[in-house]
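Working notes, beginning with the structure itself.
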Amino acid sequence: MSPVRDGLRDRPERNPIILENYYAALNYTETLENDNDHIMVKIQLQGAKESVTINAMIDSGAIEDFIDREVCNKHVIKMIKAKNLREIYLADGKPSAMGPVTHMTKVPIDISSHGELATFQVANLQNHEVILRMSWLREHNPTIDSRDNRITFTSERCTTWCLKCSPVAYAVPEEKALEENLITRFSKVQAKRGPTANDQSVRVKKLLFEAKVPKK
């Protein structure tokens, strides 16, 4: 039994998540001085009903792998409630809008033909779908050719356990990657509106009885 101090029982010690890179917690990417200097890579996540292809950011300041809560909800990726709530703090000690982390998930991911079962902390990422920590690079130790945006997985770990065929994947320019993620985030929601997915009609709500609905 946990000892009692000053009339209060000790609470379980929390393991906070510290972010050294402010970029991971910014609400608006346009506030960055260098908007397009992050490594973005296309990954395929396996949800309960279907797989989804999105672009993940590799962040040197993240000590955990993160996935956006909305992505989990939309693609039916099972979330597991954490035993203890985990706060997320910036390097200066301020709390991040990404947290707190209350759930985690384990989901199969593919980067080209490189596959693994990844463990993610579920957070409110807002401007990103998935963030891979820099230690992910150290664990898989790929060779990155920045000139050709080529990522080659040649480590013993990857050739033994992760690769299905070709060891080569390609980084995606950040501006293009963020645009593709926005399309993926909203396309299926918009496709469900109207009687059919191919219906291009727009529903207009009349606020006043005498208001006229535009014909063109």
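When the residues of the range 132-146 are narrowed to those that are polar (S, T, N, Q) and more than 19 Å from the chain's Cα centre (by Cα), which ends up nearest to residue 107 (Cα to Cα)?
141
Taking residue 129 and the conditions (1) crowded, with 21+ Cβ neighbours inside 10 Å; (2) over 12 Å from the mean Cα position of the chain (by Cα), which numbered condition does it fall short on, given that it satisfies the others?
Evaluating residue 129 over (1) crowded, with 21+ Cβ neighbours inside 10 Å; (2) over 12 Å from the mean Cα position of the chain (by Cα) leaves (2) as the failure.
State yes or no: is residue 163 at pLDDT 90 or above and closer than 30 Å to residue 69 by Cβ?
When the stated conditions are applied, residue 163 does not pass them.
Tell me, yes or no, whether the range 90-98 has at least one residue that is closer than 24 Å to residue 154 by Cα and either under 16 Å from the mean Cα position of the chain (by Cα) or at pLDDT 85 or above (or both).
No: zero hits.
Can you confirm whether residue 150 is surrounded by fewer than 17 Cβ atoms within 10 Å (Cβ to Cβ), modelled with pLDDT of 90 or more and farther than 30 Å from residue 83 by Cβ?
Criteria met by residue 150.
Cβ-Cβ distance below 8 Å, separation of 6 or more or different chains: which pairs start in the range 149-163 with a residue that is closer than 13 Å to residue 138 by Cα and in a helix (DSSP H, G or I) and end on one that is modelled with pLDDT under 95 and among the polar types (S, T, N, Q)?
Taking only residues 6 or more apart or on different chains, the pairs are 157/141; 158/141.
The values are calculated or read from the model by the stated rules, or taken from the named source; none is laboratory data. Every value quoted in this text rests on a predicted model; they were computed, and no experiment measured them. Glycine also receives a Cβ, built like all others from the backbone with ideal geometry; neighbour counts cover every protein chain displayed.
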